[in-house]
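Notes for the one structure printed next.
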Amino acid sequence: MNQLLRQIQHAVKLGNVRISDHALSRMLERHIDVLDAVNGVEHAKLLEDYSTTRHEPRILVVQTEIDGRAINVVWEFAADDGDAVMVTVFHPE
């Protein structure tokens, strides 16, 4: 498993989570439950690792909502405070 994904999962487990304004807007717009998006990271599967192209390491994962629908989530790890930051969320096409 990807180390960055493990760090993000651990931060979420500890409750160290921030959700960007952009991600909140997208969840409202797309009718995605916040708790599904946050808690779904526990069983997330890595799609892309952007850690070498960004200041803060980011990954794109696929997760599952409680109703079984897939959602893609971009997570960032804020190394300065150990928070997992949800950047955006969307349903894959």
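The values are calculated or read from the model by the stated rules, or taken from the named source; none is laboratory data. Since the model is a prediction, treat every value here as computed from it, not as a measurement. Quick reminder, even Gly has a Cβ in these numbers, built from the backbone with ideal geometry, and neighbours come from all protein chains shown. We work out accessible area using only protein heavy atoms, side chains counted, and drop any ligands, DNA or RNA first. Shrake-Rupley method; radii C 1.70, N 1.55, O 1.52, S 1.80 Å.
Overview of values
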| quantity | calculated |
| --- | --- |
| Odd one out for residue 18, checked against (1) in a strand (DSSP E or B); (2) free of Cβ contacts under 8 Å to residues at least 24 places away in the same chain; (3) within 12 Å of residue 86 (Cα to Cα) | (2) |
| Residues located in region 1-15, provided they are open to solvent by less than 100 Å² (accessible area, probe 1.4 Å) and in contact (Cβ under 8 Å) with a residue 12 or more places away in the chain | 2, 4, 5, 7, 8, 9, 11, 12 |
| Lone qualifier among 51, 25 - being in contact with a Pro (Cβ under 7 Å, 6 or more places away or on another chain) and among the small types (Gly, Ala, Ser) | 51 |
| Residue satisfying all of: in region 39-57; under 18 Å from residue 12 (Cα atoms) and free of Cβ contacts under 8 Å to residues at least 40 places away in the same chain; farthest from the chain's Cα centre (by Cα) among these | 56 |
| Among residues of region 16-33, those that are loosely packed, with under 14 Cβ neighbours inside 10 Å and among the charged types (D, E, K, R), counted | 3 |
| Strands (runs of 3 or more DSSP E) contained in region 43-93 and holding at least 2 residues open to solvent by less than 20 Å² (accessible area, probe 1.4 Å), farther than 14 Å from residue 17 by Cα and modelled with pLDDT of 95 or more | 58-64, 70-78 |
